[in-house]
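Bear in mind that the values in this text are calculations on the coordinates, not laboratory data. Because the structure is a prediction, the values reported are computed rather than measured. With ideal geometry, Cβ positions are generated from the backbone for all residues, glycine too; neighbour counts draw on all protein chains shown.
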C-alpha cells in the first residue's frame, strides 16, 4: 500500500488484515518502487495524490516494469476522472475516499482473482507454445540442469541476451524458453533471420516504412520492432547482419526508439533483444567484421549451449521424445529403439547436434512404419558405418570430464525398454522377445542380469 496519509494506511491496513491479507505500507512512490524491487506483491494499492512522484506516474513506472502487476487506485472525491485515466493506463480498478469497507474488500478480491486468472493463462500459453515447438529443453545431464537454472534467473530481467552454441544445439528453443519464463510471455515473440535477408530489405523489415519511402512502397508497413512491442525480438545468426544495419540496431538498443524509413519522427518501443550466433562474435570484432560497441550491447547476459557430444547421457531421453513425436505426427505406434541402435547413437560424436539426431530419427520412424528401430534403419548415417568423425577424441575426454557411466546409461535404457515391452504384452516373454528381435533365452538372461521388474 502506498499512501502519504498515515491514517489511511492504518485504516486500510487494519481492514485488509482483518480479512486475512498480509502486506506492507509506505508513504511515498519512491519507497513503493523500492519495496516492489525487493519482493513481489500480489496487489498494489496506490493513492493518486502523492508528494513528489504522483500516483499516475508511479503506475506507469510499475506497468513498464511488470505489465501484469495488479494495481488498485485510491482517489479522493472529485478525482474520479483521473482514476478513470489510471484505469486506461493499466490500473485494475479504483476505490474512493471515504471508504466503504465492503466495497474495498470486494474490489480487492476481484483484483486478486483477476491476477490468478492471468497466471493460469500464462501457464496455458507457455504449454501451448511448448507444444507447438515440440517441447521444452530435454535432458537430465548436469549441463542441461545448470542451463535450466540459469534461464530461470535471467528470464525475468529486461537485459539483452546473447546465446552462443554450435549449429543444431537449439538456440531458438532457448530463446523461446527465456521469453516464456519472462513477464513478456503473453506478448509477441518475433524471429529475425538475419542471414537470409539482404541489408536493404532487412532494414525495411525491422523498422518498417511509410508509403512512398522508396520505389515500390505503395503502402505503409509496420516493422518487426513495432510488431514485437512489449515482447521479445530474436535475432538468429546475428553475426551475418550487415554493418549498416548494425549501427541502426545499436541505436534501438541504446535509445529504445527507431526511425521508420521515410519518417521524420521516431517510434518508441519496449522490446527485449535476444540474439544467437554459432560464430565467435569477439573474433569477428577483432577482424573488423562486427561492431565492437554492438557486441558489448548484445553481450550483457551470455548463454553458452553445450554440444550434444558433451551431454550424451541425454541421448536416450531425446531419442524417446523424438520417436513419440514423429510417431504421433505419422499416426503410427511408438516404435521401440533396439539396444544396438541406442549404443550406436550414444557412441556417435553428433557434429550436427540435436538437429541431426532429430532428423535421423524422423527418417527412421517413417521408414520403420511402426516396427522396432535397429541399425538397419540408421544405415547411410555416419554412426552406422563405423566411420570416426572429427572431434571423437575430444568427445571422449568430455565424457570423462562429465563422469558419464556409459555402460550404466545403456543398461538403464535397455532395462526400461524391456519393462515397457513386457507391460505391452502383459508379461508374455515369448511375444516380448519377438518384438525386441532377440531369442527368448537371451531375453530371460537380460531380465535376470538387468534386474527387470516383471509386470504383475
Just the Cα atoms of the chain, one point each, no solvent: what log10 I(q)/I(0) does Debye give at q = 0.07, 0.09, 0.10, 0.13 Å⁻¹? -0.54, -0.80, -0.92, -1.16
List 296, 94, 21, 348 from most exposed to least, where exposure is judged by having the fewest other Cβ atoms within 10 Å. 296, 21, 94, 348
Summing -39500 (n - 2.57) over every DSSP H run of at least 4 in the chain, dividing by its residue total and rounding to the nearest 500, the 222 nm mean residue ellipticity is -15500 deg cm²/dmol
Förster radius 56 Å - calculated FRET efficiency between residue 76 and residue 193, Cβ distance, rounded to 0.05: 0.55
For the range 331-358 and the range 145-210, what is the centre-to-centre distance using only Cα atoms, to the nearest Å? 28
When DSSP assigns beta bridges and you keep just the ones with both residues in the chain, what percent turn out antiparallel, to the nearest 5? 10
Quick one: angle between helix 392-402 and the longest Cα principal axis of the chain, in degrees between 0 and 90, rounded to 10, please. 60
Over the chain, calculate the relative contact order: mean separation of alpha carbon pairs under 8 Å at least 6 apart, over the residue count, as a percent. 11
Rounded to the nearest 10 degrees, the helix 440-450 long axis (Cα) sits at an angle to the longest Cα principal axis of the chain of 50
Taking 7, 82, 302 and counting other beta carbon atoms within 10 angstrom, the fewest-first order is 7, 302, 82
What ranking do 154, 84 get, fewest neighbouring Cβ atoms within 10 angstrom at the top? 84, 154
Between 0 and 90°, nearest 10: helix 243-255 axis offset from the chain longest Cα axis: 50
Check: C-alpha center the range 1-51 vs C-alpha center the range 73-116, spacing in Å is 14
